[in-house]
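For reference, the structure is listed below as structure tokens.
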Amino acid sequence: MERRQFLNSVAGLSLGKMIRAGGRERIIIIGGGIVGASICYRLAQRGGAVTLLERQEPAAGATRGSFAWINASFTKQPRHYFNLNLQGILAFRALHQELGRALPVVWSGTVEWYSTSDRAAELRRMVGVQQEWGYPIRLLERGALERLEPRVRFQPGCSASLATIEGHVDAAGATRLLLEKARMFGAEIVYPCDVRKIEADRSGYLLRTSRGEMLAEKLVLACGTETSRMAEMAGIDIPLIPAPGIVVKTAPQPRTFSHLLVTEEAHLRRGLDGRVVIGDDFGPPATAVHRLLEGEQRTFPSRALARIHGERIRAQAARSLPEIGRARIEEVNLCWRPMPKDGFPVVGYADGQRRLYLAVMHSGVTLGPLIGSLATMEIVDGVTVDLLAPYRPLRFGVH
Ligand SMILES: Cc1cc2nc3c(=O)[nH]c(=O)nc-3n(C[C@H](O)[C@H](O)[C@H](O)COP(=O)(O)OP(=O)(O)OC[C@H]3O[C@@H](n4cnc5c(N)ncnc54)[C@H](O)[C@@H]3O)c2cc1C
């Protein structure tokens, strides 16, 4: 489409938006999860003319269903990816200093332990490796473990570690806060606004949305599991293999443990509101019940199935922390992880003109604030951040 024709077709709303941008490049971010919100906050803080469009409401996607552990745990390999996650933790800690108590984050540290021999051996090996990489993690002897978490039942002979730098966050609360702050810096946050079509032009992108047409000179795709479909409209291939996860939230509980707990059967954390969040270990076990969940379903097919999963996960957690077996379950969320095919983040420009910027990843809670700052440097300052080199979108090729 020629530029004149393009502008004619977007008269009204989009031209109005360009005028309001006051000569600055109009940047539109699609997706109001923690990644989009982090980028929006930093861009707005730097004076960018930024609009964020969200299909439902802030944190409606993976961010809402996340276990939200902020970590560079030993699954974060190889070293470049470990480093990125460590920088992610540090960026989150800096954000906490910047925003203060309003950011619902808890720096609890993590106690992680395994009794199956292969995982116990991998934990011991990786604690040594991560210490060589300078990570504040150490092995714990049984006595120390029991003093730290006296009410937890650790299996005899398990191997355990303590990572003092880690924590967890109410990811939806953090997202809403970032968007509120972005708005104070002049960002427009528009929802519900479903972006249905993206059309490229030499000077930018025309978006056809449920709220009308809009024109962006730069476009940031931070749409989680929807990113492949949206990128495809712009001719970019970003293969994702969304992976399901189930997270249970209990009613507020007394403080029976103080660290974030990670073991074979369950992950547990206690939020600032006293609610205990319990995550399955990474993938669902291969049982008949889980096979029902195969295919990309957005929610449980029935409340009965949600209840079965909620009770299963609570029972798994209760084997380590008996009191949790009596906790009332408030929510059971089935949610899809935005997982790039090779497991690593996809961050950066996806086109030669540097107009289309992508940010999709698992561990987007750990990485969100860091990616917000680094993407802003790349978009506003025009630099190429070396730390992001392994994660460029074009590694998957272009249509
Ligand atoms: C069960 C589970 C456990 C997890 N545990 C952890 C963990 O412990 N630690 C960690 O760091 N990470 C964890 N993650 C991953 C982390 O939650 C995600 O990486 C992160 O939330 C992704 O954020 P996002 O902003 O990229 O995507 P999302 O939160 O999915 O946000 C994308 C947004 O885009 C919107 N959108 C999509 N299409 C459109 C459109 N066409 N128009 C407008 N808006 C659109 C959606 O409505 C959505 O709100 C977990 C994820 C899950 C599911």
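A few comments on the model shown:
- Inverse of mean 1/r across different Cα pairs in the stretch 141-229, Kirkwood, Å: 18.1
- Evaluated over the stretch 200-266, the Cα radius of gyration and Dmax, each in Å: 20.4, 59
- The angle separating the long axis of helix 79-99 from the principal Cα axis of greatest extent in the chain is about 80 degrees.
- Options 102, 133, 114, ranked by Cα towards positive dipole end of the chain, top entry (Cβ charges): 102
- Accessible surface, the chain, averaged per residue in Å² (probe 1.4 Å): 43
- Computed about the Cα centre, the dipole magnitude for the stretch 110-164 is approximately 140 debye when only Lys and Arg (+1) and Asp and Glu (-1) carry charge, each at its Cβ.
- The stretch 116-265 - Rg over Rh from alpha carbon coordinates, Kirkwood radius: 1.12
- For the stretch 86-193, applying the loop criterion from DSSP together with a ceiling of 15 other beta carbons within 10 Å to the GluC sites (Glu not before Pro) yields 141.
- Reported to the nearest whole Å, the Cα centre-to-centre distance from the stretch 150-195 to the stretch 342-399 is 21.
- Cα coordinate range in the stretch 110-164, projected on the principal axes (Å, largest first): 32, 24, 14
- Surface composition of the stretch 110-164: carbon and sulfur make up 49 percent of the accessible area, probe 1.4 Å.
- C-alpha long axis of helix 303-318 to longest principal axis of the chain, angle in °: 50
- Here the alpha carbons of the stretch 34-112 define both size measures, Rg and Dmax, at 14.6, 44 Å.
- Taking the Cα centre of the chain as reference, the dipole from Cβ charges on Lys and Arg (+1) and Asp and Glu (-1) amounts to some 580 debye.
- Reachable lysines, given that their alpha-carbon falls under 20 Å from the alpha-carbon of residue 341 and they are not under 8 places away in the same chain: 76
- The spread of Cα positions in the chain, taken along each principal axis and listed from longest to shortest, comes to 73, 48, 40 Å.
The values are calculated or read from the model by the stated rules, or taken from the named source; none is laboratory data. Treat the numbers as computed from the prediction; the structure is a model and nothing was measured. For neighbour counting, all protein chains shown are included, and Cβ atoms are generated from backbone atoms with ideal geometry for every residue, glycine included. Accessible surface areas use protein heavy atoms only, side chains included; no ligands, DNA or RNA. Shrake-Rupley method; radii C 1.70, N 1.55, O 1.52, S 1.80 Å.
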